[in-house]
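Below you'll find the structure, written out as C-alpha cells, and then a few comments.
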C-alpha cells in the first residue's frame with residue numbers, strides 16, 4: 001500500500017488537532033517573533049501549497065509545523081526522505097583524510113544493544129557475541145551518554161593519516177581520556193604498552209602518536225613502519241595534549257599496504273585535504 005505524501009500527513013495532523021490554516025499561520029507567526037526570524041512563519045497560502053501541492057517546507061517552517069502539531073521533528077524529516085538514523089551509515093560514504101574530533105551529537109537517537117546475555121559469556125574468551133545475545137532492546141543514546149565519563153572525547157583517524165600505521169589503521173575511531181594529559185615518557189615494555197596521545201596543533205590540525213617533551217618541544221613520534229616524518233612543536237604554544245588514547249575501534253581488512261599502492265602523498269604526511277564535489281539532487285525545494 002503506497003504511503004501518503006508528507007503534505008497529506010501534515011494536513012491530517014492539523015485536522016486531528018482541529019486547527020485551521022489561519023490558526024497554524026497565527027501560531028507560526030508567534031514562533032517567528034519569539035525567535036526573531038521571519039523564516040519560522042508560515043502564511044496560510046504557503047501552508048496550503050505544502051499540504052496540497054507537495055511543496056517542501058524549509059527547515060524553519062518544518063520546525064514550526066513540528067511544534068504546532070506536537071510531533072517529533074525527526075519523524076517529519078523522515079516523511080521528506082531525511083532519516084537521521086542513517087547518519088552512521090552515510091558517514092561511511094565520505095572519507096575524511098585528516099585526523100579530527102568526532103563531534104556529531106546522536107544523543108536524541110536510540111540504539112539497539114544486548115540487554116540479556118547468555119550466562120556462559122566469558123570476558124576472558126574471544127567469542128562471537130551474536131551467538132550469546134538472548135535479547136536486544138532499544139536504549140536512548142541520551143541514557144547511554146549519562147553513563148559515560150564527562151572527560152571522554154572521540155576522534156577519527158584520517159584515511160591519509162599513517163602516523164601510527166599499522167598499530168592504528170587509517171579510518172579508526174579513538175576514545176580519548178582528557179584527564180590523562182601528562183606525557184608518560186618511560187615505563188613501558190613494548191610499543192603496545194607505550195601510551196598514545198591525541199594532540200591538537202595550531203597550524204596542522206589534530207595528530208595522534210607517541211609523544212615526548214624536552215626543553216619546551218613536544219615531539220610526535222611515528223610508528224617505525226610508517227613513512228610519516230617525525231615532527232616537533234613548541235609546547236604549549238603550537239601543540240596541546242588533548243588526552244591519551246584509551247580505546248581503538250578499527251577495521252583490519254580493506255586497507256592497502258603502505259608500501260604497495262598507497263597514494264604517495266599520503267606517505268609524506270597526514271595533512272592533505274580532499275574537497276568533495278557536491279551535486280544538486282532531484283528533490284523539489286521551497287524557494
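None of the figures in this text is laboratory data; all of them are computed from the coordinates on show. Please read all numbers here as calculations on a predicted model, not as lab measurements. Here Cβ is always computed from backbone atoms with ideal geometry, including for glycine, and neighbour counts include all displayed protein chains.
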Checklist entry - Got a sec? How would 25, 215 order by Cβ neighbour count within 10 Å, fewest to most? => result 215, 25
Item to check | Three-way shape label, region 34-78, alpha-carbon gyration tensor, a/c 1.5 | outcome: oblate
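Among 164, 169, 250, rank each residue by its count of other Cβ atoms within 10 Å, from fewest to most, as a rough exposure measure. Walk me through the numbers on the way to the answer.
Working: 164 27, 169 19, 250 15.
Ranked by crowding around the Cβ, least crowded first: 250, 169, 164.
Residue 22 to residue 74: FRET efficiency via 1/(1 + (r/R0)^6), r the Cβ-Cβ distance, R0 45 Å, to the nearest 0.05?
0.95
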Checklist entry - Once you sort the root eigenvalues of the Cα gyration tensor of region 6-82 as a ≥ b ≥ c, which label holds: rounded (a/c under 1.5), prolate (a/b larger than b/c) or oblate (the other case)? => result rounded
Checklist entry - Which values, in whole Å and largest first, are the semi-axes of the equivalent ellipsoid of region 152-268 obtained as the square root of 5 times each eigenvalue of the Cα gyration tensor? => result 22, 16, 14
Item to check | Taking 163, 153 and counting other C-beta atoms within 10 Å, the order from fewest to most | outcome: 153, 163
